[in-house]
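K.L.:
Right, I'll just put the structure down here and ask away after.
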Amino acid sequence: MIATKIEHALTTPNDKERYEYVYDVICSYLDKEFGSKNLCEFADGKCFVNRTDESGYRKGGCCYSYQYKFFTRKIVGRTPCKYLGDTKTYSTTTVIAGDAPSLINETSTATGCTISCISCKLYVCKPLRKKGVTFKISDFPDIDKVFNKKQIKVLESNHFRPKEQIIEKLLKTKKGIMPYFLFVFFDKATIKKPKNDAFKPVK
Ligand code: SF4
Ligand code: SF4
């Protein structure tokens with residue numbers, strides 16, 4: 001099914017339309033995988049990682065922003081992601097867990113991620129990976145006919161970023177001539193945070 005949709009996308013000559021279509025197809029697939037299979041084992045608004053978190057701090061998955069100490073990478077602040085919708089009803093999150101900068105994979109409905117962030121939707125925490133769950137853009141059929149290697153890096157590197165910004169970055173990346181290793185070395189895949197995107201930890 002997803003292979004047919006991606007094949008269909010290849011007939012779309014307009015880059016932006018093709019990217020948006022495939023972006024939506026993948027997001028929809030991930031939402032369904034996490035939602036219908038309840039991969040994160042949500043119960044009472046908490047995923048299985050939340051339920052084993054001794055701090056009892058986190059609820060509803062991993063839709064959190066983290067602030068780290070520069071050298072030690074120790075978490076010094078944590079706040080719910082500002083793009084998360086109504087957390088009372090959501091049940092299909094995919095988030096980052098404990099030891100990494102965290103993000104979520106929620107549905108793109110009003111009750112989950114309100115900005116349809118594909119990088120977040122791809123995110124699988126370490127405890128969930130240990131259960132054999134992983135998602136990579138390169139695993140989707142014929143995806144290399146839609147996105148080049150640098151664009152795939154863009155899709156996987158932009159947590160907390162809205163779909164519109166990621167699509168724009170994909171279009172710019174297509175025109176770029178920088179070799180892949182330099183693109184990665186200089187962190188050119190990541191959309192820079194706006195200066196007013198201040199971090200406000202929960203008290
Ligand atoms: S941007 Fe990421 S962390 Fe924020 S609500 Fe959406 S999926 Fe969750
Ligand atoms: S990916 Fe996020 S929501 Fe899913 S189990 Fe891990 S911490 Fe919980």
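K.L.:
List the residues, sorted by chain then number, that are 5 or more residues from Gly77 or on another chain and whose placed amide H is less than 5 Å from its amide H.
P.N.:
Gln67
K.L.:
Per residue of segment 71-80, what does 6.51 cos²θ - 1.76 cosθ + 1.60 with θ = phi - 60° give for ³J(HN,Hα)? Whole Hz please, x for Gly and Pro, Karplus curve as stated.
P.N.:
Calculated HN-Hα couplings, in order: 7, 7, 6, 6, 6, 10, x, 8, 8, x Hz.
K.L.:
For Lys46, list long-range residues whose amide hydrogen, built 1.01 Å from N in the peptide plane, is under 5 Å from its own amide hydrogen.
P.N.:
Residues meeting the criterion, in which the H sits 1.01 Å from N, are Gly60.
K.L.:
Now, a different point. In nm, to one decimal, how far is the modelled label at Lys69 from the one at Asn38, with both set 7 Å along Cα→Cβ?
P.N.:
In this crude label model, Lys69 to Asn38 measures out at 4.0 nm.
K.L.:
Mind listing the long-range amide H neighbours of Tyr64? Cut-off is under 5 Å, sequence gap 5 or more, other chains count too, H placed in the peptide plane at 1.01 Å from N.
P.N.:
Under 5 Å from the amide H of Tyr64: Cys81, Ile96, Leu103, Ile104.
K.L.:
Here is a follow-up. How much length is gained if the chain between Thr11 and Met178 is pulled fully straight, taking 0.36 nm per residue apart and subtracting their Cα-Cα distance, in nm to one decimal?
P.N.:
Additional length available on full extension: 57.4 nm.
K.L.:
Would you kindly derive the ³J(HN,Hα) couplings of segment 38-44 from the backbone phi angles with the Karplus curve 6.51 cos²θ - 1.76 cosθ + 1.60 (θ = phi - 60°), listing them in order in whole Hz, with x for Gly and Pro?
P.N.:
6, 4, 8, 6, 5, 8, 6
K.L.:
If packing is taken as the mean number of other Cβ atoms within 10 Å per residue, what is the order of 139-150, 72-83, highest first?
P.N.:
Ranked from most to least packed, the peptides come out as 139-150, 72-83.
Values in this text are rule-based calculations from the coordinates and carry no lab data. It should be emphasised that the depicted structure is a prediction, and the values quoted were computed from it without experimental measurement. Quick reminder, even Gly has a Cβ in these numbers, built from the backbone with ideal geometry, and neighbours come from all protein chains shown.
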